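Asker: There's a structure below that I have some questions on.
The values are calculated or read from the model by the stated rules, or taken from the named source; none is laboratory data. Keep in mind the model is a prediction, meaning the values are calculated, not measured. Heads up, the Cβs are rebuilt from the backbone with ideal geometry, glycines too, and the neighbour counts pull from every protein chain shown.
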Amino acid sequence: MNRHISIKNQNTIHILLQKKESIARDERKQSAASHISPLISSTDIHAPLRKMEKELAQLVGMQKVKQMLKEIYAYVYINQKRKEMNLQAEKQVLHMMFKGNPGTGKTTIARLIGNLFREMKILSKGHLIEVERADLVGEYIGHTALKTRDLIRKAQGGILFIDEAYSLARGGEKDFGKEAIDSLVANMENKKHEFILILAGYADEMENFLTLNPGLRSRFPFILEFPDYTAGELMQIAQKICQQKQYILTKEASQKLEWHLRENLYSNEEIHFSNGRYIRNILERAIRKQALRLLAVKNLQADDLLYLHTQDIEWK
Ligand SMILES: Nc1ncnc2c1ncn2[C@@H]1O[C@H](COP(=O)(O)OP(=O)(O)OP(=O)(O)O)[C@@H](O)[C@H]1O
Ligand SMILES: [Mg+2]
């Protein structure tokens, strides 16, 4: 006889008396199950969706973006199934536009989409090439086409993400930015160039950009909006960043930061216009201030290293 202790619920410990044979039988079953389980998980047809949802769960707020990503997944998946069954499938255009202020998570989401499409075998690599106007627009005739082509080549099998894309249209007809747009649009439709183009920028300016060329809107069927974070969401982002970096805000430090955010969210343009990035910068500064403060401490304890104090939190 063997004693086998199992915890059935939080409060009760059950002691079971089992015969050796039954334990051996259980072990055989377990070992069979351990062979089967990887098979079961690999046949989870929606594994890419689940993986993405797990990563999205780490991100604060963004309810609309999260919902839209699920819709995009469903659209692509069902389109693939229709093709497999020889049913009429839509021509899959997956280029996107992200509208939102800096620090609202646009780059984070673009990276996640790259991974999702790689898992779904829509993109072979799923990497992200992040560029801005200066990377695309050249200084002499022919230079722009060369630069743009080179970037498209680098983005092959992945995502070409153009931040502040409206600035390409800034200089009007004579500017080389227009040449970059034309070259991008031509390549977007070219089957040889398998990449996804994401244009990002401030909401009004991107809306304005779309009106420049009547064909543009239909070339970007997915428009994702990234709203500014509330003070509460910014505090949650602060806690997440601390967790990732293995730091803890003392209660007072957390209150100081929250008070600052609540007081200044709408009056301070810097917070308003750099969202998550603003929080990341404050915490990175706090980490440096803590390090400086700790130089004077002789016998450093783990708690000294972990906690960020009120005097470490500064915004200017
Ligand atoms: N919803 C969120 N949850 C957790 N962290 C976030 C969230 N949104 C942004 N962040 C953090 O804020 C920072 C800025 O995010 P990201 O670079 O994705 O924004 P962005 O919109 O691309 O900004 P920019 O326009 O300045 O490039 C990152 O460090 C990211 O980790
Ligand atoms: Mg970015």
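Asker: It is to be established whether one or more residues within segment 223-241 are hydroxyl-bearing (S, T, Y) and more than 11 Å from ligand 1 (Cβ to nearest atom).
Answerer: Checking segment 223-241: at least one residue is hydroxyl-bearing (S, T, Y) and more than 11 Å from ligand 1 (Cβ to nearest atom).
Asker: Further question on the same structure: Just checking, does segment 198-211 include any residue being surrounded by 13 or more Cβ atoms within 10 Å (Cβ to Cβ), touching a Lys or Arg at 6+ places or on another chain (Cβ under 7 Å) and not assigned by TED's automatic domain parsing to the domain that holds G100?
Answerer: Scanning segment 198-211, I find no residue that is surrounded by 13 or more Cβ atoms within 10 Å (Cβ to Cβ), touching a Lys or Arg at 6+ places or on another chain (Cβ under 7 Å) and not assigned by TED's automatic domain parsing to the domain that holds G100, so the answer is no.
Asker: Taking segment 87-125 as the search range and keeping residues that are among the charged types (D, E, K, R) and touching a residue at least 60 places away in the same chain (Cβ under 8 Å), which one is nearest to ligand 1 (Cβ to nearest atom)?
Answerer: K106
Asker: Tell me whether segment 177-197 contains one or more residues that are surrounded by fewer than 17 Cβ atoms within 10 Å (Cβ to Cβ), under 18 Å from the mean Cα position of the chain (by Cα) and under 29 Å from K70 (Cα atoms).
Answerer: No, that holds for no residue.
Asker: Would you mind listing the strands (runs of 3 or more DSSP E) fully within segment 1-114 where at least 3 residues are at pLDDT 90 or above?
Answerer: Correct list: 96-100.
Asker: Here's a follow-up. Of all residues in segment 225-240, count the ones that are under 10 Å from G276 (Cα atoms), of a type in the set (A, V, I, L, M, F, W, C) and more than 16 Å from ligand 2 (Cβ to nearest atom).
Answerer: Selection size over segment 225-240: 3.
Asker: Please verify whether segment 84-93 includes one or more residues that are buried (at least 16 other Cβ atoms within 10 Å of the Cβ) and not small (G, A, S).
Answerer: Checked against the condition, which is being buried (at least 16 other Cβ atoms within 10 Å of the Cβ) and not small (G, A, S), segment 84-93 yields no hits at all.
Asker: If you scan segment 291-314, which residues turn out to be of a type outside the set (S, T, Y), under 19 Å from Q244 (Cβ atoms) and touching a residue at least 40 places away in the same chain (Cβ under 8 Å)?
Answerer: Answer for segment 291-314, where residues must be of a type outside the set (S, T, Y), under 19 Å from Q244 (Cβ atoms) and touching a residue at least 40 places away in the same chain (Cβ under 8 Å): L306, L308, D312, I313.
Asker: Kindly indicate whether L249 is crowded, with 18+ Cβ neighbours inside 10 Å and away from ligand 1 (no atom under 12 Å from the Cβ).
Answerer: Working: crowded, with 18+ Cβ neighbours inside 10 Å: yes; away from ligand 1 (no atom under 12 Å from the Cβ): yes.
For L249, the condition - crowded, with 18+ Cβ neighbours inside 10 Å and away from ligand 1 (no atom under 12 Å from the Cβ) - is met.
Asker: Right, S254: surrounded by 14 or more Cβ atoms within 10 Å (Cβ to Cβ), small (G, A, S) and at pLDDT 95 or above or not?
Answerer: Yes, satisfied.
Asker: Wholly within segment 201-262, which helices (runs of 4 or more DSSP H) include no fewer than the required count, namely at least 2 residues that are without any contact (Cβ under 8 Å) to a residue 40 or more places away in the chain and of a type in the set (G, A, S)?
Answerer: 231-245
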